[in-house]
Amino acid sequence: MATLPTTLPFPAVPRHRDDGRSAPLPPESGAQLVGIARLASSSPRAEAKRGVEYFLLPARTILNRCDSRRVPFPWTINPYRGCEFGCQYCYARYTHEYMELDGGEFERKIFVKQDAGRLAARELLSRAVRGEHIAIGSATDPYQPAEREFGATRAVLEEMARLEGLSVSITTKSNLVVRDIDLLKRIAARSELSVNVTITTPRTRLAALLEPRAPRPDLRMAAVRALRQEGLAAGVFAMPLLPGLTDGEADLDALARAAREAEAGWFAASVLFLMPSARAQFLPFLEKKFPRLARQYQEWYGHTAYPPEEYRREIGRRVAALRKKYGLAARPPEAARKSGRATEQLTMAWAPTNAR
């Protein structure tokens, strides 16, 4: 991996924008829609740039309860619906279908939850949240490009910094997270906080194909180093590992070695699983860019979301060996301490939930 850059310039932090102004609406009519689909259809368009439309989504809540024991956290916060990074394999494309939108629109129609800070200020005071873990970015990236414009994630973090006794994790593919180091340090001083930086491959050109609008892998690893140098708990999520593309021993070794050099606290991995909406996007991409792999993927994923169990076990052994080699933990510290939920889930593929 290339030498990690030490400077990470960013524009000034924006104020959280949710002016509720009247603007053109998405093309779908809301007359026959209900629930989140109706709200989405009536969300005013804030602006359009880079071929992406941004809409202001009225939100009644910012915290989402996850009742499934198949995920390692009981609460999630996703300040945005849709994600501009456009990862070809993204499992969360199905969440756009709740709004009667095609999964292919996931990176082109981004919905910004209005009043994110105000909602967080109210809901974080709930007794139900105290002592339970809150995962920020479980479905969409909280530091995608929209965050520079709208600041919804920072608005939530500002409210968290006012409280104590929280348990919070942030998962992102963006080095924009270092913009908020000041807030993260304030949160970590009074609550439990960890940052998971997702890096699926050390190869820049491959990452550009798979994750076309996400920051380069070396920039993400530099963010891990910057967070650790400020005393924050941060580690690397190699998720998902793509069979035949990013699961090679040499690539994984390079990624784990770079994680250690960046002083990452942990190195966690899981293999690809494909929801139908993600499969509809990813398999044609493979046919076009990696045709030699298309048949194998069709055999493995044509009728199920997961690859064979034997393959998953082999990847688990490979990653465990790398953790031992480089002295890396398997999971963030708060996950290792929690006993109420299955601790192995952070190294398994997360089951999809009704993410909001």
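Scan the stretch 282-322 residue by residue and report those that are without any contact (Cβ under 8 Å) to a residue 24 or more places away in the chain, surrounded by 12 or more Cβ atoms within 10 Å (Cβ to Cβ) and part of a loop (DSSP other than H, G, I, E, B).
If the condition is that a residue be without any contact (Cβ under 8 Å) to a residue 24 or more places away in the chain, surrounded by 12 or more Cβ atoms within 10 Å (Cβ to Cβ) and part of a loop (DSSP other than H, G, I, E, B), then PRO308 is the only one that fits.
Might you check whether a residue that is farther than 22 Å from THR171 by Cα and modelled with pLDDT under 95 occurs anywhere in the stretch 249-263?
There is no residue in the stretch 249-263 that is farther than 22 Å from THR171 by Cα and modelled with pLDDT under 95.
Filter the stretch 150-165 for residues that are in contact with a Lys or Arg (Cβ under 8 Å, 6 or more places away or on another chain) and under 14 Å from VAL129 (Cα atoms) and give the result.
Matches in the stretch 150-165: LEU163, GLU164, GLY165.
Looking only at residues that are within 19 Å of MET275 (Cα to Cα) and part of a helix (DSSP H, G or I) in the stretch 95-137, which one is modelled with the lowest pLDDT?
The extreme case among them is HIS96.
Looking at the stretch 52-73, I want the residues that are under 25 Å from GLU84 (Cα atoms) and assigned to a strand (DSSP E or B) and have a partner that is among the hydroxyl-bearing types (Ser, Thr, Tyr) and modelled with pLDDT under 85 with Cβ atoms under 6 Å, at least 6 apart or on another chain. Which pairs are those?
Note: pairs meeting the criteria are PHE55/SER43; LEU56/SER43; LEU57/SER43.
Those residues that are farther than 22 Å from THR95 by Cβ and in contact with a Cys (Cβ under 6 Å, 6 or more places away or on another chain), I need them from the stretch 118-155; list them, please.
none
Can you say whether PHE273 is among the aromatic types (Phe, Trp, Tyr), buried (at least 20 other Cβ atoms within 10 Å of the Cβ) and either within 22 Å of PHE106 (Cβ to Cβ) or under 22 Å from the mean Cα position of the chain (by Cα) (or both), as far as the supplied structure shows?
When the stated conditions are applied, PHE273 passes them.
The values are calculated or read from the model by the stated rules, or taken from the named source; none is laboratory data. Values in this document were obtained by computation on a predicted structure and should not be read as measured data. Positions of Cβ are generated from backbone atoms using ideal geometry, with glycine treated the same way; all protein chains shown enter the neighbour counts.
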